[in-house]
Structure formats: C-alpha cells, structure tokens
Amino acid sequence: MNKEKLNLWHQEEQYGITGWDFSHLDGRWQNELLPWNYRKLVLSYLKSDMQLLDMGTGGGELLKTFHHPSNRTQVTEAWQPNINLLKHTIAKQGIKVHALSAKYEDALPVKNGSLNRITNSHAAFNPV
C-alpha cells in the first residue's frame, strides 16, 4: 500500500463513529434510493399506546424520529461506544436501554408478550 493511501486510512480512523452519524462521509459515497421508506413503514404501524422495542438502535437517531412515548420505548444495543452515548441521551429521557454483549446481540431481553412492536432495521435477531 502506498504511503498516501495509508495516511488517508489513518485520517479516517481518527473520526471514530458513534451512533449513526456518518456526516463526515457526505459527498464521498453514493447510495441508490430504495422504493420504500423504513421510517414511514414503521410509523404506519406504530401507535402511541404500544410498547416498542428498537433493536440495534445505534445512537437512537432514527428512533427519535418516531416520537414514541419514552415510557413505552425500549432499545437494545451491543456496541459499547453507542451504549455509552445512549446512557447520556435517550436513557435520561426515560427510554430503557438494554446493553447487550456482542455475543448475545440477537437476544430479546424482555418478557414474552410484553411488546406490541419490535423494530429492527439491521441488527441480528433470534426469534426463538
């Protein structure tokens, strides 16, 4: 690998990613638009009186756009930098944060029948 590319790689490492803020990549990547909108789909099924679990919530950025009542919202997260962020943000708003180990990130840390909706846009999930 040439020295210039190695230096660029080291610069990228310095950004560090917390949550799902990838704004430092603006203008440097492309993404094909999907024919559907995940947020709109969730909102079409989610009602304010439902108990919600958002799996693999990242930094909670998408979850916040649902505007679901905090006392009816729980999240799972397995990446320690995001867990730390969640403890200082959404947990203080009354949202229960389930910090999972990476080994068990597909687990449902709630009682059977205690939820009305589970959202999961990208995390591992074991329905058993």
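Out of the residues in the range 110-128 that are closer than 22 Å to residue 59 by Cβ and either among the basic types (Lys, Arg) or in a strand (DSSP E or B) (or both), state the one that is farthest from the chain's Cα centre (by Cα). The qualifying residue farthest from the chain's Cα centre (by Cα) is 117. Residue 76 - would you say it is touching a helix residue (DSSP H, G or I) at 6+ places or on another chain (Cβ under 7 Å), open to solvent by less than 50 Å² (accessible area, probe 1.4 Å) and either within 21 Å of residue 109 (Cα to Cα) or modelled with pLDDT under 95 (or both)? Criteria not met by residue 76. Checked across the range 39-55, the condition of being closer than 30 Å to residue 109 by Cβ, within 13 Å of the chain's Cα centre (by Cα) and modelled with pLDDT under 95 holds for no residue.
Restricting attention to the range 13-52, the residues that are charged (D, E, K, R) and exposed (fewer than 11 other Cβ atoms within 10 Å of the Cβ) total 6. Annotation note: Cβ proximity below 7 Å between a residue of the range 85-101 that is within 19 Å of residue 51 (Cβ to Cβ) and a residue that is open to solvent by 100 Å² or more (accessible area, probe 1.4 Å) and not in a loop (DSSP other than H, G, I, E, B) (sequence gap 6+ or interchain) occurs for 94/71; 97/87.
The values are calculated or read from the model by the stated rules, or taken from the named source; none is laboratory data. What you are looking at is a predicted structure, and each value in this text was computed from that prediction instead of being measured. Note that each Cβ is placed from the backbone with ideal geometry, even for glycine, and that neighbours are counted across all protein chains shown. Ligands, DNA and RNA are excluded from the accessible area calculation, which covers all protein heavy atoms including side chains. Shrake-Rupley method; radii C 1.70, N 1.55, O 1.52, S 1.80 Å.
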